[in-house]
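The values are calculated or read from the model by the stated rules, or taken from the named source; none is laboratory data. Please read these numbers as outputs of a predicted model, since none were measured by experiment. Reconstructed Cβ throughout: ideal geometry from the backbone, glycine too, with neighbour counts over all protein chains shown.
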Amino acid sequence: MMEGKFSVIGKSKPRIDGRVKVTGQAKYTGDLKLSNMLVGKILTSPHAHAMILKIDTTEAQRQPGVKAVITHEDVPDLKYGISPARWDENIFCIDKVRFVGDKVAAVAAIDEETVYKALALIKVDYELLPAVFDPIEALQEGAPLVHEQCPGNVNTEIHQNFGDVEKAFAEAYYVRTDTFVGQRTYQCPIEPHSAISVWEGGKLTVYSSTQSPHYFQYYIARQFGLKMGDVRVIKPHMGGGFGGKLEPTGLEFAGAALAMRTGRPVKMFYDRHEMFAHNRGRHKQIMKVTTGVDKHGKILGVHADFIMDGGAYTSLGVATAYYAGAMLPLTYEYENYKFDMIRAYTNLPACGAQRGHGHPQPRYAYECHLDMLAKDLGMDPLELRLINTRKPNTVTPNDFRVNSCELEACLKKAKEISGWEEKRKNLSSGKGIGLAVGSFVTGAGYPIYRTDLPQAAAMIKVNEDGTSATLYTGAVDIGQGSDTILCQMAAEAMGFTYEQMKIVSADTETTPHDFGAYASRQTLMSGAAVKQAGEEVKQQVIEMASMMLQTDYRDLECREGVIWRKTDPSVTITYAAVARDFFVRKGPLVGKGSYTPPKLGGTFKGAPVGTSPAYSFCAQISQVDIDEETGEIKVEHVWDVHDCGTVINPALLHGQVHGALFMGMGEAVWEEVVFDDKGKILNANLGEYRLPTALDMPNITSELVFSPEPEPAGPWGVKEVGEGSTIPTMGCYSNAIYDAMGVRVYSLPLSYEKVWRALKEKREHEQQK
Amino acid sequence: MYLPDFDYIAAATVVKASRLLGSLGPEAKLIAGGTDVLPMLKQGTLATKTLISINRLSELKNISFEKGKGHIIGALATHNEVMKSPVLQEKYMSVCETAHRMANNQIRNIGTIGGNISNAVPSADFPPILIALGATVTLQNSSGSRTLPLEGFFMGPRQSVIAQDEILTEIVIPENGFSGSTYHKFGLRRSGALAVVGVAVAVAMEGNICKDACIVLGAVAPTPMRAKEAEALLRGKEVSDALLEKAGKLAAAASNPITDIRGSEEYRRDMVRVFTRRCLRKAMDNGHV
């Protein structure tokens, strides 16, 4: 018990919600039934671009069982979005619809069947407008305008220039340019979006499957002119988000309006098709990358020139656009960096934040590009990376301070455990091995909207008889396990036992503020607040024990629910006894904490995006087997080596690596949302939108490396893992395919047919020679 | 998406089901496992006022062997029942493997072989292997039944010779001289993927001489189709890699695929070549697999 540096963290404790989830006791939003509850649904546009001439809800209103039918006329017309300059969404469309799936009206009725019948009875007269579905076409002169106030369909334009890239290229030994294309993908959380709104005595309560109760509370209060204190958002158990449940989904707004109108609780939900139509998934990006190197392969300068398809609204896409370029310089050291980006509006569903936010595709482009550079230079791609790898305690050209960084160790370990050198030489025909690296923020340095609120806060109350303690945190467990690891961190800091921890989380009324689950922020940021709260409890317990044991507090140690005298460990007292005594004499034994990051980043336009207290790093190597006749890709093994700082729960950590790899693998080989020429999704289901299956998954070796000096910015030196592991996979597979077959596919996904076509073209090219 | 209103009648006998289908006309639809009918209803691609279920007719679930007739598979046998049938496993592992690689376990537990055939979807997995093995189907109505080769059953995508009041009741794989057979579903992931190309072959080998061959292609034409030029090429010939490649090329040339979200015409055609050759080799070397 008394051995080792830590008692509770660093151990694969069982999930705090494991038992209720596997027994089916855990209730998700869709499972909740409130007395008198209505069911609500949103009517969406069947057209990609059309004027709304008239909406007639008379028939729908008359349908027995229908309690309310609402359109834009019944809700506030205030626009919302990520930043004031780009507020471009309304609760319901007012003049026109901008994509197939845009929100037009909503119905609340006594049951699901009635809702669907009523939706079919709403008559909307549309006047069709020409639509644009391609970001390059959208940027051409004369293209249909998605938003009249936005000329040229330019939603976001970025031009960042650090150092002197032109000079670097001019002085370089070798300069290479490549262009790659990423695709639209969708997060596909297993649990569909849902929200239940209750309007009672001037207070609105919303149960929602959300990654950020706080943002929903903020947006809902703002839309309806309510005080934030009169809006309560509660997140029940949740089946995944991956970025798609970070911003308002429309269900909360429509549900709130319907609940206010009917005075009854209203449950709103999306079915699988509607989830795809609402989207907010990965942007399509067209990525031109140029690198200049000296004759040893040292990178002198990089230019990233990107265009992205944002869809019909801003969503979180401004941040995505900045992230796309901001994170490229994290992995390699160079002084000169230029980043140009245009995010275009199109008449397709809006894109937003998806695991790795903006970064996986540029990383795919860059890691492929580097491999091709290595080939041109006659270098081993791993050696080229080692020459350029970022070192700890450095600053990127775009002013991100990197403290701990073991990317070099990641590369060396990946090289060793994968048998890189041997396999590069001796793999049998059709097999190949590839490499890519990645890095990600451990929490965004700045919140989504401008505010001086702390990033995270926490409170711990030791329960009155001292036998258990409850952690109150606004942090959001969306399935990744934050409730578990935060309880481990609380117990560690308190000197208490994990098994006796309880948690109340993600409820804006009962738990202290936290921005939620995104940007891989909770272990560090929420964890910092929890650690502080735990230490405050521990200090009070030790002071009380010092009185009870008549011992100087400096001679007392406290771990795993026991306090003992350091100079005479036979003198002990239980936590429970001390805590109970504390309550009797002084009242509630409570600790609190909050976390605000230091001021981060530079002063140029867009400087905050990509700032973080700490960055994770990783290297991934994969071995593939390609069927040269069919292009089929079998991934045989993946070795992932992560520098994610101190580990709180190894089982959950490796689970994140596996999950992230699954997602990266899907985007690498299979996943793509496909549209017809009218902007309708052709594969809005899990049959034709192919996520990998268990049978498609490779063997995975997930290893870690540790910094000699723990990351100073994180509690106990923690960093992120949840998103970082998804970043290298696409580039890693592409490079392995190249190693196997000598062909390069320049667009995602690296589908069987694309590989087949590349092989065919290669054969034809060789025959011509 | 939500199911529209419909009436639901669980028929007690095949004859009663047939009478209902006949009297209610095209507005009535037969349902067995429902893995095809229910999604179509939800998507609005099938309009029906009455669903007539034959799920209670457990006599249509039998899988057996009758000497002189062959292997009999009741139309209501689920994919998993086909897969796990000892009678089929003993002789035609190729049919069991076909079932094994269909859809996913939930669907295999409820979808039926009769439904997979009578829906007449071009990418369906059972028809190619059953046609290759010379299977017949029996269609029954209230006045009697008729049996015809499965090869002549299909008319086009979702179109077959089945009349409004007819019900597919059983499939028979007659005793035949084939020494080997196999089906390969080429899908875009390892599970839960529809066929981009399906190739079934049945071969009769004597030593290294191919006495007979039947090659059936799925998902590359409006209906499952025989690659007859390729079959003719093989008959009576000594087998070599070059011969099989040539057969693959003939099959590819005969195929008539379309371009859709799962694959281009060009890709599908080339996959016909590859998998015809591979399936022939597999069935020639390994029997009914």
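Computed quantities for the displayed model
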{"read-out": "The stretch A:546-605: number of residues that are outside any helix (DSSP H, G or I), touching a helix residue (DSSP H, G or I) at 6+ places or on another chain (Cβ under 9 Å) and of a type in the set (Gly, Ala, Ser)", "value": "4"}
{"read-out": "The stretch A:740-749: number of residues that are closer than 19 Å to residue A:621 by Cα, more than 12 Å from chain B (Cβ to nearest Cβ) and touching a residue at least 24 places away in the same chain (Cβ under 8 Å)", "value": "4"}
{"read-out": "Count of residues meeting criterion [in contact with a Ser or Thr (Cβ under 9 Å, 6 or more places away or on another chain) and within 24 Å of residue A:498 (Cβ to Cβ)] in the stretch A:543-575", "value": "9"}
{"read-out": "Residue within the stretch B:194-204 that is away from chain A (no Cβ under 14 Å), in a loop (DSSP other than H, G, I, E, B) and in contact with a strand residue (DSSP E or B) (Cβ under 9 Å, 6 or more places away or on another chain) present", "value": "no"}
{"read-out": "Condition check for residue A:752: touching a Gly at 6+ places or on another chain (Cβ under 8 Å), within 12 Å of chain B (Cβ to nearest Cβ), buried (at least 23 other Cβ atoms within 10 Å of the Cβ) and on the phi < 0 side of the Ramachandran plot", "value": "yes"}
{"read-out": "The stretch B:86-119: number of residues that are out of contact with any helix residue (DSSP H, G or I) (no Cβ under 7 Å at 6 or more places or on another chain), of a type in the set (S, T, N, Q) and surrounded by fewer than 22 Cβ atoms within 10 Å (Cβ to Cβ)", "value": "4"}
{"read-out": "Residue A:653 being buried (at least 16 other Cβ atoms within 10 Å of the Cβ), in contact with a His (Cβ under 9 Å, 6 or more places away or on another chain) and either outside the structural domain of residue A:726 (by TED's automatic domain parsing) or closer than 30 Å to residue A:329 by Cβ (or both)", "value": "yes"}
{"read-out": "Residue match in the stretch A:233-250 (condition: touching a residue at least 12 places away in the same chain (Cβ under 8 Å) and assigned to a helix (DSSP H, G or I))", "value": "no"}
{"read-out": "Residue within the stretch A:662-669 that is buried (at least 22 other Cβ atoms within 10 Å of the Cβ), away from chain B (no Cβ under 14 Å), farther than 25 Å from residue A:597 by Cβ and touching a residue at least 60 places away in the same chain (Cβ under 8 Å) present", "value": "yes"}
{"read-out": "Any hit, the stretch A:50-69, residues being under 32 Å from the mean Cα position of the chain (by Cα) and either more than 14 Å from chain B (Cβ to nearest Cβ) or small (Gly, Ala, Ser) (or both)", "value": "no"}
{"read-out": "Residue in the stretch A:678-712 that is nearest to residue A:525 (Cα to Cα), counting only those that are more than 14 Å from every other protein chain (Cβ to nearest Cβ) and part of a strand (DSSP E or B)", "value": "A:704"}
{"read-out": "Count of the stretch A:172-200 residues which are among the acidic types (Asp, Glu) and either farther than 25 Å from residue A:368 by Cβ or in the same structural domain as residue A:660 (by TED's automatic domain parsing) (or both)", "value": "2"}
{"read-out": "Failed condition for residue A:92, given (1) within 31 Å of the chain's Cα centre (by Cα); (2) more than 26 Å from residue A:156 (Cα to Cα)", "value": "(2)"}
{"read-out": "Filtered residues of the stretch B:227-255 (kept if hydroxyl-bearing (Ser, Thr, Tyr) and assigned to a helix (DSSP H, G or I))", "value": "none"}
{"read-out": "Residue list for the stretch B:69-104, restricted to those being of a type outside the set (A, V, I, L, M) and at pLDDT below 95", "value": "B:104"}
{"read-out": "Condition met for residue A:733 (within 14 Å of another protein chain (Cβ to nearest Cβ) and closer than 30 Å to residue B:262 by Cα)", "value": "no"}
{"read-out": "Selection status of residue A:758, within 14 Å of chain B (Cβ to nearest Cβ), surrounded by fewer than 18 Cβ atoms within 10 Å (Cβ to Cβ) and at negative phi", "value": "no"}
{"read-out": "Filtered residues of the stretch A:80-131 (kept if at pLDDT 95 or above, of a type in the set (D, E, K, R) and closer than 22 Å to residue A:245 by Cα)", "value": "A:88, A:89, A:98, A:102, A:103"}
{"read-out": "Identity of the residue in the stretch B:255-271, in contact with a strand residue (DSSP E or B) (Cβ under 6 Å, 6 or more places away or on another chain) and farther than 11 Å from residue A:629 by Cα, that ends up farthest from the other protein chains (Cβ to nearest Cβ)", "value": "B:255"}
{"read-out": "Residue within the stretch A:505-513 that is closer than 29 Å to residue A:581 by Cβ, part of a loop (DSSP other than H, G, I, E, B) and in contact (Cβ under 8 Å) with a residue 60 or more places away in the chain present", "value": "yes"}
{"read-out": "Selection count, the stretch A:171-216, where residues are assigned to a loop (DSSP other than H, G, I, E, B), in contact with a strand residue (DSSP E or B) (Cβ under 6 Å, 6 or more places away or on another chain) and aliphatic (A, V, I, L, M)", "value": "1"}
{"read-out": "Test result for residue A:288, out of contact with any Ser or Thr (no Cβ under 7 Å at 6 or more places or on another chain), of a type in the set (Lys, Arg), in a strand (DSSP E or B) and touching a residue at least 12 places away in the same chain (Cβ under 8 Å)", "value": "no"}
{"read-out": "Qualifying residue in the stretch B:70-84 (condition: under 23 Å from residue B:142 (Cβ atoms), away from chain A (no Cβ under 14 Å) and without any contact (Cβ under 8 Å) to a residue 12 or more places away in the chain)", "value": "no"}
{"read-out": "Number of the condition not met by residue A:336 [criteria: (1) surrounded by fewer than 21 Cβ atoms within 10 Å (Cβ to Cβ); (2) more than 20 Å from residue A:153 (Cβ to Cβ)]", "value": "(1)"}
{"read-out": "Residue count for the stretch B:254-285, restricted to those that are over 19 Å from the mean Cα position of the chain (by Cα), among the small types (Gly, Ala, Ser) and surrounded by 19 or more Cβ atoms within 10 Å (Cβ to Cβ)", "value": "2"}
{"read-out": "Count - residues of the stretch A:98-130 that are buried (at least 17 other Cβ atoms within 10 Å of the Cβ) and under 13 Å from residue A:71 (Cα atoms)", "value": "10"}
